[in-house]
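Quick notes on the structure that follows.
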Amino acid sequence: MSDTIDTLLSEHRTFPPSAEFRAQANANDVGIYERAFHNPTGFWEEWAEKLDWFEKWHTTVEFTAPNAKWFLGGKLNACYNCVDRHAIGDRANKAAIIFEGEPGDSRTITFAEMKDEVSRIANALKSLGVKKGDRVAIYLPMVPELPMTMLACARIGAPHTVVFGGFSADSLQERCNDATVKVIVTADGGWRRGGVVQLKKITDEAMDLGCHTVEKVLVLERTGEKPGPVTMVANRDIAWNDLVPQQSADCPCEPMDAEDLLYILYTSGSTGKPKGITHTTGGYMVGVSATSKLVFDHKEDDIHFCTADCGWVTGHSYITYGPLCNGTTVLVYEGAPDTPDKDRFWRIIEKHRATILYTAPTAIRTFMKWGDEYPIRCDLSSLRLLGSVGEPINPEAWMWYHTIIGAEKLPVVDTWWQTETGAIMITALPGITTTKPGSATHPFPGIRVKVLDEEGNGVDVAGPHAVNTPKGGFLVLDYPWPSMTRGIYNDPERYQKTYWSKFPNTYFAGDGIKLDEEGYLWLLGRVDDIMLVAGHNISTMEVESALVDHPAVAEAAVIGKTHDVKGQAIAAFVILRSNYSGSEELIKELKAHVAHKIGAIARPDDLFLCAELPKTRSGKIMRRLLRDVAEGRALGDTTTLADPSVVASLKDKYENSEG
């Protein structure tokens with residue numbers, strides 16, 4: 001990847017932390033970076049000491065690429081650290097989970113109450129034959145029982161694999177078989193945009209397809225008689241209410257070796273078969289607790305609202321394990337952000353006085369499209385910190401977030417990390433970092449990032465510093481960190497090939513990145529989202545940022561399509577703001593705007609105005625399907641889309657458009 005990535009939009013606006021925020025921040029001394037750089041092992045040991053261990057480790061780290069082990073000999077339990085140690089003393093009656101259901105129901109569960117409920121769930125799983133080391137699949141809506149079941153599995157040493165409630169029967173079956181799951185925990189359904197996602201029905205379909213090792217299915221009642229009673233299979237299916245409430249609230253935590261498996265989480269693979277990413281107990285808990293405390297600046301009275309689903313790693317690390325390990329209250333919401341109206345997130349913040357909001361750029365751009373009136377009519381004065389996660393955030397979305405939601409005064413921490421990294425790798429520290437809109441800023445203390453070109457040449461990045469020459473290339477890490485994945489479940493060869501084969505003894509994240517002259521890092525998206533246009537590397541995010549910079553554009557998605565002469569040509573799909581109407585003149589204006597902002601080489605060949613973009617139920621744009629549309633191919637798998645008809649509509653309109 002060449003330095004032509006330096007065409008990334010210039011951004012000179014800067015936002016230092018306020019003196020008030022800096023004074024109270026958990027990290028407010030820039031020297032933390034230098035100390036962690038010179039002694040990363042000691043830095044992580046300090047955070048490990050903050051956990052409760054049954055037995056202390058004798059060796060901090062062993063690393064021979066690609067295999068790492070952390071806190072060898074140590075024994076601990078993730079559930080004990082997230083629940084039990086807070087269920088006594090001053091935090092016993094503190095809210096652990098505040099729940100908001102889509103229909104409007106709400107619950108508050110204290111740490112003491114959660115200890116009892118998690119113990120009952122754990123004993124229920126044991127009564128179904130689950131033993132230490134057995135795998136449990138969790139296919140639940142975003143209700144408190146989802147994180148509590150995760151913690152119950154951790155309590156008894158049964159690795160869990162959470163399957164996102166929007167996934168199909170095929171996806172559930174594939175994951176259950178790959179992980180050789182013994183028990184599935186599901187629900188009759190979950191609420192979404194006023195309707196019911198029929199999880200039990202989908203589970204039954206997966207079982208009919210052949211979940212070969214599943215012996216029992218535990219079924220939570222969430223939606224009741226809507227849309228109708230579920231079918232219970234004799235000698236296999238057990239109703240939650242018939243089993244869990246009757247269990248003892250006494251269930252000792254299983255001492256787990258630091259390197260014992262905590263969970264498997266499946267992520268998309270380029271070959272089509274999902275990869276079972278594994279995380280172990282000790283290092284993962286150190287990573288998520290440290291990043292939660294420093295990135296989100298957790299305080300005793302914080303209410304942490306992460307809008308992710310626990311079916312994704314963000315929900316694992318920054319709803320369940322990270323905040324709860326620190327004794328922080330988490331706010332869990334079941335449904336969609338536009339039900340019953342487009343102010344639902346802001347009403348939740350207003351109602352429950354949330355102090356931290358962690359959401360995705362796609363959601364932020366959607367809020368921008370809906371209009372400022374929705375957040376403005378709500379009281380967001382309880383918020384004190386904003387976070388972004390999931391994909392690179394374009395500068396204008398960052399500015400909207402900062403201005404409209406943050407009232408031009410709250411710090412914004414844009415974070416880069418992956419399922420595979422387990423915890424945040426690149427981020428601002430809100431009491432230290434002067435932020436730039438669109439930049440994830442600097443590596444977290446103790447994390448060493450490299451920016452490499454195709455030949456493996458490049459620069460090391462650790463913390464904030466100026467550089468002589470800006471650099472664009474591949475994001476890699478060649479120094480171990482505690483929360484790093486221990487591999488792909490039962491497939492070490494694929495792990496080596498996927499992540500460690502591009503550069504010797506180096507983890508290749510698969511993302512492009514730019515390091516500017518002030519030492520700030522700018523994520524460019526997946527490498528397969530780097531377009532090679534007439535020999536020039538152009539980031540899809542770069543073009544999307546240019547488009548969204550235009551006042552007419554609410555949201556944009558850009559892909560590279562095959563071109564006989566250029567290799568790739570740029571195709572853009574654009575949603576306009578409500579007060580603009582489409583025209584050939586506007587299309588020409590938008591193409592010219594991109595050329596002006598980036599250069600003529602980035603001018604889109606095709607620009608298509610549309611009402612919606614194909615997105616997963618978690619809000620991620622499915623650019624793969626846009627490529628199918630742009631190149632006239634048969635549509636790929638649309639089972640994870642929130643509205644599959646969007647793609648078919650786009651395809652029909654695109655084929656009849658001049659672009």
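Consider segment 541-568. How many of its residues are of a type outside the set (D, E, K, R) and more than 30 Å from the chain's Cα centre (by Cα)?
Initially, segment 541-568 is screened for residues of a type outside the set (D, E, K, R), giving 541, 543, 545-548, 550-554, 556-560, 562-563, 565, 567-568.
Restricting the remaining residues to those that are more than 30 Å from the chain's Cα centre (by Cα) gives 562-563, 565, 567.
Here the count works out to 4.
Return the only residue of Gly89, Gly129 being over 23 Å from Gly422 (Cα atoms), of a type in the set (Gly, Ala, Ser) and without any contact (Cβ under 8 Å) to a residue 40 or more places away in the chain.
Going through Gly89, Gly129 in turn, just one is over 23 Å from Gly422 (Cα atoms), of a type in the set (Gly, Ala, Ser) and without any contact (Cβ under 8 Å) to a residue 40 or more places away in the chain: Gly89.
A count restricted to segment 596-608 and to residues that are at pLDDT below 85 and surrounded by fewer than 19 Cβ atoms within 10 Å (Cβ to Cβ) stands at 5. Check segment 328-349 and report whether any residue there is assigned to a loop (DSSP other than H, G, I, E, B) and under 27 Å from Ala36 (Cβ atoms). Yes, because at least one residue in segment 328-349 is assigned to a loop (DSSP other than H, G, I, E, B) and under 27 Å from Ala36 (Cβ atoms). Scanning for something surrounded by 13 or more Cβ atoms within 10 Å (Cβ to Cβ), without any contact (Cβ under 8 Å) to a residue 40 or more places away in the chain, not aromatic (Phe, Trp, Tyr) and not assigned by TED's automatic domain parsing to the domain that holds Leu151, does segment 286-295 turn up at least one residue? So far as segment 286-295 goes, yes, one or more of its residues are surrounded by 13 or more Cβ atoms within 10 Å (Cβ to Cβ), without any contact (Cβ under 8 Å) to a residue 40 or more places away in the chain, not aromatic (Phe, Trp, Tyr) and not assigned by TED's automatic domain parsing to the domain that holds Leu151. Across segment 465-497, the qualifying residues are those that are part of a strand (DSSP E or B) and of a type outside the set (D, E, K, R), and the one among them that is farthest from Asp178 (Cα to Cα) is Gly472.
Condition check ((1) touching a strand residue (DSSP E or B) at 6+ places or on another chain (Cβ under 6 Å); (2) closer than 25 Å to Asp29 by Cβ; (3) in contact (Cβ under 8 Å) with a residue 12 or more places away in the chain) across all residues:
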| residue | (1), (2), (3) |
| --- | --- |
| Gln418 | no, no, yes |
| Ile426 | yes, yes, yes |
| Pro430 | yes, yes, yes |
| Lys450 | yes, no, yes |
| Asp460 | yes, yes, yes |
| Pro464 | yes, yes, yes |
| Gly473 | yes, no, yes |
| Leu477 | yes, yes, yes |
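Of everything listed in (1) in a loop (DSSP other than H, G, I, E, B); (2) crowded, with 20+ Cβ neighbours inside 10 Å, the single unmet condition for Glu408 is (2).
Taking segment 344-363 as the search range and keeping residues that are free of Cβ contacts under 8 Å to residues at least 60 places away in the same chain and surrounded by fewer than 21 Cβ atoms within 10 Å (Cβ to Cβ), which one is nearest to Asp52 (Cα to Cα)? Reasoning before the result, please.
Start the filter on segment 344-363 by keeping residues that are free of Cβ contacts under 8 Å to residues at least 60 places away in the same chain, which leaves 344-347, 349-350, 353-355, 357, 359, 361.
With surrounded by fewer than 21 Cβ atoms within 10 Å (Cβ to Cβ) added as a condition, the list becomes 344, 347, 350, 353.
Working: Arg344: 38, Arg347: 37, Glu350: 35, Arg353: 30 Å.
Result: Arg353.
The set of residues in segment 369-381 that are surrounded by fewer than 15 Cβ atoms within 10 Å (Cβ to Cβ) and under 15 Å from Ile303 (Cβ atoms) comprises Asp379, Ser381.
If you check Thr355, Thr366, Thr328 for being within 24 Å of Arg192 (Cα to Cα) and outside the structural domain of Met622 (by TED's automatic domain parsing), only one passes: Thr366.
So, in segment 600-629, how many residues would count as being farther than 18 Å from Lys369 by Cβ and touching a helix residue (DSSP H, G or I) at 6+ places or on another chain (Cβ under 6 Å)? Number satisfying all stated conditions: 5. So, in segment 56-91, of the ones that are more than 27 Å from the chain's Cα centre (by Cα) and polar (S, T, N, Q), which residue ends up farthest from Ala122 (Cα to Cα)? Going through the qualifying residues, I end up with Thr64. Residues being within 16 Å of Val136 (Cα to Cα), of a type outside the set (A, V, I, L, M), touching a helix residue (DSSP H, G or I) at 6+ places or on another chain (Cβ under 6 Å) and touching a residue at least 40 places away in the same chain (Cβ under 8 Å) are represented in segment 185-207 by at least one member. Each residue in segment 259-281 was checked for being outside any strand (DSSP E or B) and closer than 14 Å to Arg155 by Cα, and 2 of them qualify.
In this entry, Asp204 is excluded by the filter for residues that are acidic (Asp, Glu) and loosely packed, with under 13 Cβ neighbours inside 10 Å.
If the condition is being in a strand (DSSP E or B) and of a type in the set (Lys, Arg), then segment 546-578 contributes only Lys561.
The single condition among (1) at pLDDT below 95; (2) not in a loop (DSSP other than H, G, I, E, B); (3) not basic (Lys, Arg) that His316 does not meet is (1). Being in contact (Cβ under 8 Å) with a residue 24 or more places away in the chain, closer than 28 Å to Thr307 by Cβ and of a type in the set (A, V, I, L, M, F, W, C): is that true of Ala124 here? No.
Name the single residue that is farthest from Ala92 (Cα to Cα) among those in segment 306-343 being touching a residue at least 60 places away in the same chain (Cβ under 8 Å) and β-branched (Val, Ile, Thr). The selected residue is Thr339.
Based on this model, can you work out whether Glu11 counts as under 26 Å from the mean Cα position of the chain (by Cα), in contact (Cβ under 8 Å) with a residue 40 or more places away in the chain, outside any helix (DSSP H, G or I) and over 30 Å from Ile303 (Cα atoms)? Taking the combined requirement at face value, the residue satisfies it.
One line per residue, one yes/no per condition, for (1) under 30 Å from Gly224 (Cβ atoms); (2) in a strand (DSSP E or B):
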residue: Phe54; (1), (2): no, yes
residue: Trp57; (1), (2): no, no
residue: Glu62; (1), (2): no, yes
residue: Ala68; (1), (2): no, yes
residue: Cys79; (1), (2): yes, no
residue: Phe99; (1), (2): yes, yes
residue: Gly104; (1), (2): yes, no
residue: Ile109; (1), (2): yes, yes
residue: Met114; (1), (2): yes, no
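Scanning segment 364-393 for residues that are of a type outside the set (Val, Ile, Thr), touching a helix residue (DSSP H, G or I) at 6+ places or on another chain (Cβ under 8 Å) and part of a helix (DSSP H, G or I) yields Arg365, Phe367, Met368, Tyr374, Pro375. Remark: pairs (first residue in segment 167-178, at pLDDT below 85; second residue outside any helix (DSSP H, G or I) and of a type outside the set (Asp, Glu); Cβ separation under 6 Å; 6+ apart in sequence or on different chains) = Ser168/Thr639. Checking Thr403, Thr419, Thr435 one by one, the residue that is within 25 Å of Trp312 (Cα to Cα) and polar (S, T, N, Q) is Thr419 and no other.
The values are calculated or read from the model by the stated rules, or taken from the named source; none is laboratory data. Note that the coordinates shown come from a computational prediction; the quantities given were computed from them, not determined experimentally. Every residue, glycine among them, receives a Cβ derived from its backbone with ideal geometry; neighbour counts consider all protein chains shown.
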